[in-house]
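Working notes, beginning with the structure itself.
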Amino acid sequence: MVSRSYSNLLELASGESPSFERMNRRIPRIMTVAGIMSDIDDDPSESVCSDPSSSSGQMYRIIIVANQLPIRAQRKSDGSKSWIFSWDENSLLKQLKDGLGDDEIEVIYVGCLKEEVHLSEQEEVSQILLETFKCVPTFLPPDLFSRYYHGFCKQQLWPLFHYMLPLSPDLEGRFNRSLWQAYVSVNKIFADRIMEVINPEDDFVWVHDYHLMVLPTFLRKRCNKVKLGFFLHSPFPSSEIYKTLPIREELLRALLNSDLIGFHTFDYARHFLSCCSRMLGLSYESKRGYMGIEYCGRTVSIKILPVGIDMGQLQSVLSLPETEEKVKELIKQFCDQDRIMLLGVDDMDIFKGISLKLLAMEQLLEQHPEWQGKIVLVQIANPARGKGKDVKEVQCETHAVVKRINETFGKPGYDPIVLIDAPLKFYEKVAYYVVAECCLVTAVRDGMNLIPYEYIISRQGNDLLNKLLGQEPSTPKKSMLVISEFIGCSPSLSGAIRVNPWNIDAVADAMDYALEMADPEKQLRHEKHYRYVSTHDVGYWARSFFQDLERTCRNHSRRRCWGIGFGLSFRVVALDPNFKKLSMERIVSAYKRTTTRAILLDYDGTLMPQASIDKSPSSNSIGIINSLCRDKNNMVFLVSARSRKKVAEWFSQCVRLGLAAEHGYFLRLMRDAEWETCVPVADTTWKQIAEPVMQLYTETTDGSTVEDKETALVWCYEDADPDFGSCQAKELLDHLESVLANEPVTVKSGLNIVEVKPQGVSKGLVAKRLLSIMQENEISPDFVLCIGDDRSDDDMFEVITTSMTAPTITPNAEVFACTVGQKPSKAKYYLDDTAEIVRLMQGLASVSEQTLTE
């Protein structure tokens, strides 16, 4: 059933994409959507697919998509009402372009302008921005933009991603479906703009931040092979917080339509992977240092790399005359008065912890009166990016605390707190960085926060600024950082004093420690930080992300892709060109034509759904199997990992059915035959070693069990917490491999299990044994069908596939190796689920029944 979160809002088409006919470099259409788009469904005639004739010798082109363009816009002052546009040099997106380099990569931007542009001017503005700046503006009606940005983004996603739950109506942020609809509508408009300039075969698309989290679905639907990266600049919350979001699965599936998803820290990536595991049942693997999630045959790569700063831009600002003059002014204001400046630079919002920092300063002055009159905390409060009463409350609280501290500890000519609650130019902030002895960042939650990086580079300074500070060119530079544990840059700044901002006493002690620290140690810490920040700049970050995106998308052209699902559940299945859905008509036709057939069937996950509580076969399944077995042209084997006692009990009514139990260790040709072993009888004394280990993990992992088979032991954690169970399984696997290193057994992990079984035992043995029995009886099958659902069945697939060239199978035999579900496999065919498998077997059984009655 389609989720109500996008029912009647977003009905995406089936995924078949006609050819791309529009020129990718023409002037974009102007989007003038008023309010919520009533017809969000994509026009199939505008759907795009990869054009194999596209040239590959061109330079790379990347389309960078963000909520806001890196452009400053202002009206001319001559009264003509025309616009003046310029680059916003402080924008990360502009710095990213410079970091990638213009020689090899052409960059196009898609995003909104900060200023509202009247409808009558939009076409002219679009043309100017495209021709002059290679920017494609997305124009949104004010009401729609307000509901999308100030509504859903800033009142719902942003607080939740910063661990703030709307526990009461007073806190705002409760889920509002109309705001969600506005968010989806805007993401759809962005997709429309991108499709007007993209060459889907060659171009890369890099989407930025939580404002556009469902955009990958729209783009993937339009072009199944689009090369798409997404980077989240905010924190990603833990699964316990994220799962409170009503549209949690829609956002996860939308992000998984990207090829590469980037995060600043491992914590953020770990939370995302945990959400995918708990809510979508997806697991990740790490191969040669790269993490990835297998999703519908596609590998969605995970990138962990914190963003850096633009070294060139910051160093040029340090060399400005205006910066020099401001530094002189600050030296006169503070240094010449024998006062030490501590600096805080934060947005005026609830997560930056400004009031906590001020309280720590108050505590420091109370506990260490020797600092009174000597230290000054300059707090620069940047304007908040959002709106709401929480911003006003933060402003009121900040001003009240500053007033109280200054009244308590201030004296004529000295205020311990200097609050700058007004926008400053970047060179002015840099001047404060240069003079400050210590920088304090005490945010309670922040995605990255580049203030510490800017401070470190500014403290390195240049010859002119060092001279103003009375330093010799050869003098080692120094800086001190007190930073919150909860910001993205914290892991990369190991020389900083890390604090819990909620612990006022600890922050006050850290400030005192920073002030008292000896200069040599400050210099060592600064040198370590400077080395890292200067080598991991925004260019390094951008190039690294792009290289990983290119690597991830390298095989796009060689994969078969098609779209499935509706609405925001749309996804693309990518499979090997030789991996096809098994045609019912073809296999039934082959079944009718042939006279000697070998059929091998897995049970759990193939004839019986994995999620079923009652695993015993239904009367319908028994009837189908008996119909197949009664056909004298068939030899049917059921191959299971279960014990021989269990399969013999379940299939006691099937007289002519061959059974293989415990992955093929035990085998019997029919019900009245004796059980035989495919390998020499195993010594099971190793169980005395393995079972206590498994029991230990069972006791410590709620929901796990141990199954003792005749020749194997299985630890199952299907009902355990998925994250904890997976973690324990890895530990158990290592533990068992260690203690059983000298035993003749194999330790393997599977779907929610860890299994120990004798060496050499696999389902492939059953396939070999079946074919050899037929060969001994001088029978060569002209029809072979093998169906399974997991990696243990790949051994059977491999045997029957390689046997096509061997004498055990007749030349030109019809061979079908089929897996359940669209996923990487050694099988050449697939069916979607167990229901399709049962329908297939029912069809073959019907053919056999008809043959018997003729």
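The values are calculated or read from the model by the stated rules, or taken from the named source; none is laboratory data. Only a predicted model underlies this, so the values are computations on that prediction, with no experimental measurement involved. Here Cβ is always computed from backbone atoms with ideal geometry, including for glycine, and neighbour counts include all displayed protein chains. For accessibility, only protein heavy atoms count, side chains too; no ligands or nucleic acids. Shrake-Rupley method; radii C 1.70, N 1.55, O 1.52, S 1.80 Å.
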Of the residues ALA806, ALA767, ALA817, ALA835, which single one is open to solvent by 20 Å² or more (accessible area, probe 1.4 Å), at negative phi and modelled with pLDDT of 85 or more? ALA835
Which residue out of ARG839, ARG769 is within 17 Å of LEU628 (Cβ to Cβ), among the charged types (D, E, K, R) and either touching a strand residue (DSSP E or B) at 6+ places or on another chain (Cβ under 7 Å) or not in a loop (DSSP other than H, G, I, E, B) (or both)? ARG839
When you look at CYS276, is it open to solvent by less than 10 Å² (accessible area, probe 1.4 Å), without any contact (Cβ under 8 Å) to a residue 40 or more places away in the chain and not basic (Lys, Arg), yes or no? yes
So VAL761 ticks every box in (1) under 21 Å from VAL714 (Cα atoms); (2) β-branched (Val, Ile, Thr); (3) open to solvent by 40 Å² or more (accessible area, probe 1.4 Å) but one. Which box is left unticked? (3)
Search the range 485-511 for residues that are touching a residue at least 40 places away in the same chain (Cβ under 8 Å) and farther than 21 Å from MET361 by Cα and pair each with any residue that is of a type in the set (Ser, Thr, Tyr) and part of a helix (DSSP H, G or I) when their beta-carbon atoms are under 7 Å apart and the residues are at least 6 apart or on different chains. CYS489/TYR453; SER492/TYR532
Can you tell me which residues in the range 270-304 are part of a loop (DSSP other than H, G, I, E, B) and of a type in the set (Gly, Ala, Ser)? GLY281, SER283, GLY289, GLY297
Name, by its number, the condition in (1) at pLDDT below 90; (2) open to solvent by 60 Å² or more (accessible area, probe 1.4 Å); (3) part of a helix (DSSP H, G or I) that does not hold for ASP795. (2)
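If I ask for residues that are part of a helix (DSSP H, G or I) and either under 23 Å from ASP446 (Cβ atoms) or modelled with pLDDT under 95 (or both), which ones from the range 254-269 would you list? Even if it seems obvious, please write down each step before you answer.
Kept after step one, since they are part of a helix (DSSP H, G or I), are these residues of the range 254-269: 254-255, 266-269.
Within the range 254-269, LEU255, PHE266, ASP267, TYR268, ALA269 qualify.
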Mind listing whichever residues of the range 722-748 are within 25 Å of SER239 (Cα to Cα) and open to solvent by 60 Å² or more (accessible area, probe 1.4 Å)? PHE724, CYS727, LYS730, GLU731
Going residue by residue through the range 109-130, is there one that turns out to be charged (D, E, K, R), under 23 Å from ASP202 (Cα atoms) and not in a loop (DSSP other than H, G, I, E, B)? no
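Taking the conditions exactly as written (within 42 Å of the chain's Cα centre (by Cα), polar (S, T, N, Q), surrounded by fewer than 21 Cβ atoms within 10 Å (Cβ to Cβ) and within 17 Å of LEU751 (Cα to Cα)), does THR700 satisfy them or not?
Numbers: within 42 Å of the chain's Cα centre (by Cα): yes; polar (S, T, N, Q): yes; surrounded by fewer than 21 Cβ atoms within 10 Å (Cβ to Cβ): yes; within 17 Å of LEU751 (Cα to Cα): no.
In short, no.
Could we say that LEU696 is in contact with a strand residue (DSSP E or B) (Cβ under 6 Å, 6 or more places away or on another chain) and not polar (S, T, N, Q) here? Give the steps one after another, and end with the answer.
On the way: in contact with a strand residue (DSSP E or B) (Cβ under 6 Å, 6 or more places away or on another chain): no; not polar (S, T, N, Q): yes.
Against the criterion (in contact with a strand residue (DSSP E or B) (Cβ under 6 Å, 6 or more places away or on another chain) and not polar (S, T, N, Q)), LEU696 does not qualify.
Mind counting the residues in the range 131-155 that are part of a helix (DSSP H, G or I) and open to solvent by 10 Å² or more (accessible area, probe 1.4 Å)?
Result for the range 131-155: 12.
Would you check if there is a residue in the range 462-470 being at pLDDT 95 or above, assigned to a helix (DSSP H, G or I) and basic (Lys, Arg)? Quick ask: steps written out before the conclusion?
The initial filter retains those residues of the range 462-470 that are at pLDDT 95 or above, namely none.
Within the range 462-470 (the criterion being at pLDDT 95 or above, assigned to a helix (DSSP H, G or I) and basic (Lys, Arg)), the answer is no, since none of the residues qualifies.
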Where in the range 321-427 are there strands (runs of 3 or more DSSP E), lying fully within it, with 1 or more residues that are small (Gly, Ala, Ser) and open to solvent by less than 10 Å² (accessible area, probe 1.4 Å)? 340-347, 375-382
Tabulated pairs, the range 794-812, first within 20 Å of ALA590 (Cα to Cα) and touching a residue at least 60 places away in the same chain (Cβ under 8 Å), second surrounded by fewer than 22 Cβ atoms within 10 Å (Cβ to Cβ) and of a type in the set (Asp, Glu), C-beta under 7 angstrom, 6+ apart or interchain: THR810/ASP782
Could you check the range 491-595 for helices (runs of 4 or more DSSP H) lying wholly inside it with 2 or more residues that are open to solvent by 10 Å² or more (accessible area, probe 1.4 Å) and closer than 30 Å to LEU356 by Cα? 504-516, 519-535
Identity of the residue in the range 210-261, out of contact with any His (no Cβ under 8 Å at 6 or more places or on another chain) and polar (S, T, N, Q), that ends up most open to solvent (accessible area, probe 1.4 Å): THR244
Find all pairs meeting these conditions: Cβ atoms under 8 angstrom apart; at least six residues apart or on different chains; first residue within the range 220-235 and under 11 Å from VAL207 (Cβ atoms); second residue part of a loop (DSSP other than H, G, I, E, B) and of a type in the set (S, T, N, Q). LEU228/ASN257; LEU228/SER258; GLY229/SER258; PHE230/SER258
Residue pairs qualifying under the 7 Å Cβ cut-off, at least six apart or on distinct chains, with the first in the range 284-308 being within 17 Å of SER274 (Cβ to Cβ) and the second being β-branched (Val, Ile, Thr) and part of a loop (DSSP other than H, G, I, E, B), are ILE304/THR265
Among the residues in the range 91-100, are any surrounded by 17 or more Cβ atoms within 10 Å (Cβ to Cβ), of a type outside the set (Ser, Thr, Tyr) and either part of a strand (DSSP E or B) or on the phi > 0 side of the Ramachandran plot (or both)? no
Identity of the residue in the range 613-666, β-branched (Val, Ile, Thr) and part of a loop (DSSP other than H, G, I, E, B), that ends up surrounded by the fewest Cβ atoms within 10 Å (Cβ to Cβ): ILE613
So the check is Cβ under 6 Å with 6+ separation or different chains; which pairs have a first residue in the range 843-854 that's in contact (Cβ under 8 Å) with a residue 24 or more places away in the chain and a second one that's part of a loop (DSSP other than H, G, I, E, B)? SER848/ASP631
Can you name the residue in the range 428-465 that is polar (S, T, N, Q) and open to solvent by less than 10 Å² (accessible area, probe 1.4 Å) and is also farthest from the chain's Cα centre (by Cα) among such residues? SER458
Given the criteria open to solvent by 10 Å² or more (accessible area, probe 1.4 Å), touching a Ser or Thr at 6+ places or on another chain (Cβ under 8 Å) and under 25 Å from PHE145 (Cβ atoms), does ASP202 qualify? no
One residue is enough: does the range 295-303 have a residue meeting the conditions at pLDDT 95 or above and among the basic types (Lys, Arg)? yes
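Suppose the filter is more than 18 Å from GLN68 (Cβ to Cβ), aliphatic (A, V, I, L, M) and not in a loop (DSSP other than H, G, I, E, B); does LEU228 pass it?
On the way: more than 18 Å from GLN68 (Cβ to Cβ): yes; aliphatic (A, V, I, L, M): yes; not in a loop (DSSP other than H, G, I, E, B): yes.
The answer is yes for LEU228.
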